[in-house]
Every structure is written in structure tokens, then in C-alpha cells.
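Everything below concerns the one structure shown next.
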Amino acid sequence: MEAPLVIRCRKDGPLVVEQPVTIVDHEGRVLDVPGDKPLVALCRCGHSRKKPFCDGTHRVVGFRSEPADCAPPTSADP
Ligand code: FES
């Protein structure tokens, strides 16, 4: 049995996923994920110029995460 995929929420930063991972866009195209790194950082601040990947802009814009950002969804969430 494979280990479940782990996505880590970095404080004031991206979501980090261990490689290997396949990322597919909304039209089903597989995105080119740099395979030379053990981790892939995905933007959650909304300001990256390389979405869905983090480009470090979260530091420039002063993104602050809150513990609730990584809380499980509730029935009130869309
Ligand atoms: S989280 Fe890093 S640029 Fe958005």
C-alpha cells in the first residue's frame, strides 16, 4: 500500500508537495514540474507569476497565513 500524498502548509508561504507528483491544469494538460527537486511549492497567496507554482512573491506581498487556512472544510464552505 502506497503512503498517502503529503501536502505541507508552510507558515506564511506555499503548499509544499513531495515529488514525484503530476499536476494537471483545468484542460487536462500535464504541467511541466521541475523534476530535479525533491519538493514542489504551490502558490497559495495568489500573487505568483508562475501559478500554480510559488515564485517567492508571497514574501514581497507580505502574505500571512492563518492556522484556519489549513483547517478541514466545514459544511459552511463552498
Ligand atoms: S505562495 Fe509563494 S508566491 Fe504565492
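We did not get these values from a lab; they are worked out from the coordinates using the rules stated. Nothing here was measured: the structure is a model prediction, and the numbers come from that model. Every residue, glycine as well, gets a Cβ built from its backbone with ideal geometry; the counts of neighbours run over all protein chains shown.
Just the residues that are within 19 Å of Ser65 (Cα to Cα) and either without any contact (Cβ under 8 Å) to a residue 24 or more places away in the chain or touching a Gly at 6+ places or on another chain (Cβ under 7 Å) (or both), please, taken from segment 8-44.
Result: Arg8, single match.
A quick yes/no check of all residues on (1) over 26 Å from Arg59 (Cα atoms); (2) surrounded by 10 or more Cβ atoms within 10 Å (Cβ to Cβ):
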| residue | (1), (2) |
| --- | --- |
| Val6 | no, no |
| Cys9 | no, yes |
| Val17 | no, yes |
| Ile23 | no, yes |
| Val30 | yes, no |
| Pro38 | no, no |
| Leu42 | no, yes |
| Arg49 | no, no |
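Of everything in segment 17-53, what is among the β-branched types (Val, Ile, Thr) and in contact with a Lys or Arg (Cβ under 9 Å, 6 or more places away or on another chain)? Give them in sequence order.
Once the filter is applied, which keeps residues that are among the β-branched types (Val, Ile, Thr) and in contact with a Lys or Arg (Cβ under 9 Å, 6 or more places away or on another chain), segment 17-53 yields only Val17.
This table checks each residue for (1) more than 16 Å from the ligand (Cβ to nearest atom); (2) under 15 Å from Val16 (Cβ atoms).
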| site | (1), (2) |
| --- | --- |
| His26 | yes, no |
| Arg29 | yes, no |
| Asp32 | yes, no |
| Val40 | no, yes |
| Cys45 | no, yes |
| Arg49 | no, no |
| His58 | no, yes |
| Ser65 | no, yes |
| Ser75 | yes, no |
